[in-house]
Amino acid sequence: MENVLGYLKEKLGKEHFSRIKKIKNAAVHEFIARYVELCNPASVYVCTDSEEDLEYVRKKALENKEEALLSNPNHTIHFDNYYDQGRDKEGTRFLLPKGTDLGPEINSSEREQGLKEIHEILKGIMEGRELFVTFFCLGPNHSEFSIPAIQLTDSSYVAHNEDLLYRGGYLEFLELKEGEEFFKFVHSQGELQEAGLGLKVSKNLGKRRVYMDLEDKIIYSTNTQYGGNTIGLKKLAMRLAMRKADREGWLVEHMLLIGIKGPKGRITYFGGAFPSMCGKTSTAMLEGETIVGDDIAYVRNINSKAMAANAEKGIFGIIDGINTVYDPLQWKILHSDKEVIFSNVLINEGKPYWNDMVIKIPEAGINHSGDWVKGKKDEKGKEIPASHKNARFTFSLDSLENVDKKLHDPQGVELQGIIYGGRDSDTWVPVREAIDWEHGITLGGASLESETTAATLGCEGLREFNPMSNLDFLSIPIGKYIKNNLEFSKKLEKKPKIFSVNYFLKDKEGKWLNHKNDKHVWLKWMELRAYNEVNTIKTPIGLLPKYLDLKELFKEVLGKDYSKEDYEKQFKIRVPENLAKVERILQIYRTRVKDTPKELFLILEKQKKLLEETKEKYGEYISPEKFADYA
Ligand code: SPV
Ligand code: MN
């Protein structure tokens, strides 16, 4: 296009053109003009960070029937197509030049071909619709963490979500200099069809695509509405950010950030990576502690300290199972006058209901399948639950009373610890500290697995490999990603300690060995460990808590007696299971990961040998106290 500004002026009209023109960056103008021309919307609305624009987007989401109002005037419901209820793993692809790939675990397509295909899909896709141009800032504004990003979308639902989830970035763009980097997202929900409550959902799922062009830093998403596929700033931006971090020597992690209160009012910050359904959100939301983030953390070395910031400022969280007893903080927001978008829950008389919310759920209503009654079956004869397992809520962290004061701190928070947690019925103890950073990364993060639950796959106990819980979001080869993690600590003055947790240990009869609330004790123990204020027992699987320290913490934190018997059952070192795990992980890296760092193999091999020696000397199942003097 020869005359970019001329084209925009004509297409956008005076007011909206002036908003774009104020941004003194030709690449921004070109990007917007190119996709306005290709998608050909009837009109373009350029959002600044003003309250008026936020209100406009809210209003449009209702008018366009992407959301409907609930009886609470600050709550809305959105439905996704019955077959558009989660991330489309198959359709999500990196577009890479011929002959290159990111390894067998990461989906990709040939770039030229992929770009051609997606541009064909986008051609005229917004005809008759309004296009929203929105500007955001990933990470705190005006900080070392900040990454400016533009989202183009014809979905007011997507724009509305992003307003709740991300920091406004229009001002950031006004200061953007020529040549400075920014991320770009183009989304169209495509043609729509009617669903429950007269809401409109994406129709052409056969043309659902999420294509990621790393070279031009543009991500395209079409014919889908589900947030994980469309909210560009979330998991899509994460891939671009990881490339940037790889170039610049920092980390992009699929981590919660939490502040744990210690003695004398001190707050100690932890990052935590857990695959889905492993307790991530419930850890981030621990009552009495403070939350910085629940999903995506940027971790940078600032003045030789590991500083972390939340890329986001809101939560797009799973609503299934949220109840008053275990999730009082979330429950409160979901029943308050704060702004909430619900998706794919059951609606009855203007109220939202979801599975396992403990209070009684109505036996009829409207959900993601349309009119619903208990026992309704889908086309495949499968019973449709009241709400989808992946039904979600969106709200801003600022709505929470336990939001941490440093959420928007341009310096981030200093990490004292990193936690890796999987779903594991028989191997890992409930909490342990790694003997050093490299062990923690290798035997914790890079060895993370999660057992599938019966509800999701129909067969229980399959272990899925998910290094740092980041496998789905890697945009660099796995080995390189692990190497970056190993290297990161080398230039730090004080390295965060690395912990592993497992909330899902069971006994031989299949009974849980821990109560849901026990995690709070493990967190408080880690808080003390950050300053070496309690001792540990050095065992072949790492540093374990001492019984008496835990007993004291159980009393203090939960008002409970913690028996020696429980400690022995939970913290006994299960040598055969640990050995099997090390062997399994070694095998995965040998066969599935071409660029595994040597150091990782060395640590795993050494661990294997140590476990074998331990088995010979002490047997298969060993009390940690056997190692009180172990060196
Ligand atoms: C996850 O699945 O890890 C999420 C939700 O946080 S999504 O946005 O779908 O990625
Ligand atoms: Mn996530």
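The values are calculated or read from the model by the stated rules, or taken from the named source; none is laboratory data. Keep in mind that this is a model prediction, so the values were computed, not measured. Using ideal geometry, Cβ is built from the backbone for each residue, glycine included, and neighbour counts are taken over all protein chains shown. In case anyone asks, the SASA skips ligands and DNA or RNA and just uses the protein heavy atoms, side chains included. Shrake-Rupley method; radii C 1.70, N 1.55, O 1.52, S 1.80 Å.
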Q: Tell me which residues, restricted to the stretch 200-213, are surrounded by 20 or more Cβ atoms within 10 Å (Cβ to Cβ) and either of a type in the set (A, V, I, L, M, F, W, C) or at pLDDT below 95 (or both).
A: V201, V210, M212
Q. Counting only residues that are under 37 Å from the mean Cα position of the chain (by Cα) and either of a type in the set (S, T, Y) or not assigned by TED's automatic domain parsing to the domain that holds N485 (or both), how many does the stretch 598-623 have?
A. 2
Q: Being out of contact with any His (no Cβ under 9 Å at 6 or more places or on another chain) and at positive phi is the filter here, so list the residues in the stretch 255-292 that pass it.
A: K264, G265, M277, G279
Q. If we scan the stretch 265-282, do we find a residue that is within 16 Å of ligand 2 (Cβ to nearest atom), open to solvent by less than 20 Å² (accessible area, probe 1.4 Å) and more than 13 Å from the chain's Cα centre (by Cα)?
A. no
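One line per residue, one yes/no per condition, for (1) within 14 Å of ligand 1 (Cβ to nearest atom); (2) part of a helix (DSSP H, G or I); (3) modelled with pLDDT under 95:
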position	(1), (2), (3)
Y220	no, no, no
G228	yes, yes, no
A237	yes, yes, no
L240	no, yes, no
V252	yes, no, no
I258	no, no, no
T268	no, no, no
Q) On the given criteria, is Y503 hydroxyl-bearing (S, T, Y), within 29 Å of the chain's Cα centre (by Cα) and surrounded by 13 or more Cβ atoms within 10 Å (Cβ to Cβ)? A) yes
Q) Among (1) part of a loop (DSSP other than H, G, I, E, B); (2) of a type in the set (G, A, S); (3) in the same structural domain as I478 (by TED's automatic domain parsing), where does S336 come up short? A) (3)
(Q) Out of everything in the stretch 373-401 that is assigned to a strand (DSSP E or B) and without any contact (Cβ under 8 Å) to a residue 60 or more places away in the chain, what residue ends up being nearest to ligand 1 (Cβ to nearest atom)? (A) E383
Q.
Which condition from (1) open to solvent by less than 10 Å² (accessible area, probe 1.4 Å); (2) within 16 Å of ligand 2 (Cβ to nearest atom) is the one that C39 breaks?
A. (2)
Q) Which is open to solvent by less than 10 Å² (accessible area, probe 1.4 Å) and either assigned to a helix (DSSP H, G or I) or more than 13 Å from ligand 1 (Cβ to nearest atom) (or both), of I291, I315? A) I291
Q) If we only count helices (runs of 4 or more DSSP H) wholly inside the stretch 1-101, which ones have 1 or more residues that are in contact (Cβ under 8 Å) with a residue 12 or more places away in the chain and either farther than 30 Å from K351 by Cα or among the hydroxyl-bearing types (S, T, Y) (or both)? A) 4-21, 26-39
Q. Only one of (1) within 16 Å of ligand 1 (Cβ to nearest atom); (2) on the phi > 0 side of the Ramachandran plot fails for F473. Which number is that?
A. (2)
Q | Residue check, S304 within 16 Å of ligand 1 (Cβ to nearest atom), of a type in the set (S, T, Y) and open to solvent by 10 Å² or more (accessible area, probe 1.4 Å) | A | no
